[in-house]
Amino acid sequence: MRKLFALLLVVVLFSGCSKLVNAPVVTVQDLNVVSVDPTGAGMELYLRVQNTNSFDVKLQGYSYDIKIMALPLAKGGAREEVNFPANEETDVRIPIRITYADLLEILKRKPDPDKIPYQLVAGLDLDTPVGQMTVPVKKNGTYAIPKKYRPAAIFGKLADFFKF
């Protein structure tokens, strides 16, 4: 009976401890194309993390899945440590790599370059004083391709390059 009581006490204490940690508030700030090279495009996802706790929590890693027009675009993750100080906001940058094959699948659907619908599902793996937790991040929105990265601009530059 004592063992059962001790086990119940431990379960109650640990379940109560998780209530002592508030999940940080994560907002998607921006999603930008930052480079185009022979292998594909580089994008960066900018998040703002507000730690509402009275103690620091630490990012241990993240995962993400981005869909454009319901097509898988990029999926990945990394192990990266970032400290989120107590009662402060911290900006986090997540690099994303996209292949030309994935971009061509999207271009086949002839999207409006000013309003391309996207869906982001991500998870931030955090270390807290009472253990690990994953904070989910979900965002649906539209993305406008910067004019310098639109196919017409890129093909125009290629045409200019081949003119003698």
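The values are calculated or read from the model by the stated rules, or taken from the named source; none is laboratory data. Not measured: the values here are computed from a predicted model. Here the Cβ is made from the backbone with ideal geometry for all residues, glycine too, and neighbour counts use every protein chain on show. With ligands, DNA and RNA removed, areas are computed over all heavy atoms of the protein, side chains included. Shrake-Rupley method; radii C 1.70, N 1.55, O 1.52, S 1.80 Å.
Structure summary
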{"read-out": "Meets criteria (open to solvent by 70 Å² or more (accessible area, probe 1.4 Å) and at pLDDT below 85) for VAL36", "value": "no"}
{"read-out": "Hey, LYS58 under 16 Å from ASN22 (Cβ atoms), in a strand (DSSP E or B) and among the basic types (Lys, Arg) or not", "value": "yes"}
{"read-out": "Per-region count, segment 84-102, residues open to solvent by less than 80 Å² (accessible area, probe 1.4 Å) and assigned to a strand (DSSP E or B)", "value": "8"}
{"read-out": "Subset of segment 78-105 (residues that are free of Cβ contacts under 8 Å to residues at least 24 places away in the same chain and closer than 30 Å to LEU20 by Cα)", "value": "ALA78, ARG79, GLU80, GLU81"}
{"read-out": "Filter pass, TYR118 being of a type in the set (Phe, Trp, Tyr), modelled with pLDDT of 85 or more and under 17 Å from ALA23 (Cα atoms)", "value": "no"}
{"read-out": "Given (1) modelled with pLDDT of 95 or more; (2) open to solvent by less than 40 Å² (accessible area, probe 1.4 Å), number of the condition GLY76 does not satisfy", "value": "(1)"}
{"read-out": "Test for THR128: is it under 16 Å from the mean Cα position of the chain (by Cα), modelled with pLDDT under 95 and under 15 Å from VAL21 (Cβ atoms)", "value": "no"}
{"read-out": "Residue that is farthest from LEU103 (Cα to Cα), among those in segment 49-63 that are more than 17 Å from the chain's Cα centre (by Cα) and open to solvent by 60 Å² or more (accessible area, probe 1.4 Å)", "value": "SER54"}
{"read-out": "Tabulated pairs, segment 106-119, first without any contact (Cβ under 8 Å) to a residue 60 or more places away in the chain, second polar (S, T, N, Q), C-beta under 7 angstrom, 6+ apart or interchain", "value": "LYS115/THR142; ILE116/THR142; PRO117/THR142; GLN119/ASN140"}
{"read-out": "Qualifying residue in segment 3-26 (condition: modelled with pLDDT of 90 or more and closer than 30 Å to LEU103 by Cα)", "value": "yes"}
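Residues are listed down the side, and each one gets a yes or a no for (1) in a loop (DSSP other than H, G, I, E, B); (2) under 18 Å from PRO24 (Cα atoms); (3) among the hydrophobic types (A, V, I, L, M, F, W, C); (4) open to solvent by less than 10 Å² (accessible area, probe 1.4 Å):
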residue	(1), (2), (3), (4)
LEU47	no, yes, yes, yes
ASP65	no, no, no, no
VAL82	no, yes, yes, no
LEU104	no, no, yes, no
ARG109	yes, no, no, no
VAL121	no, yes, yes, no
GLN132	no, yes, no, no
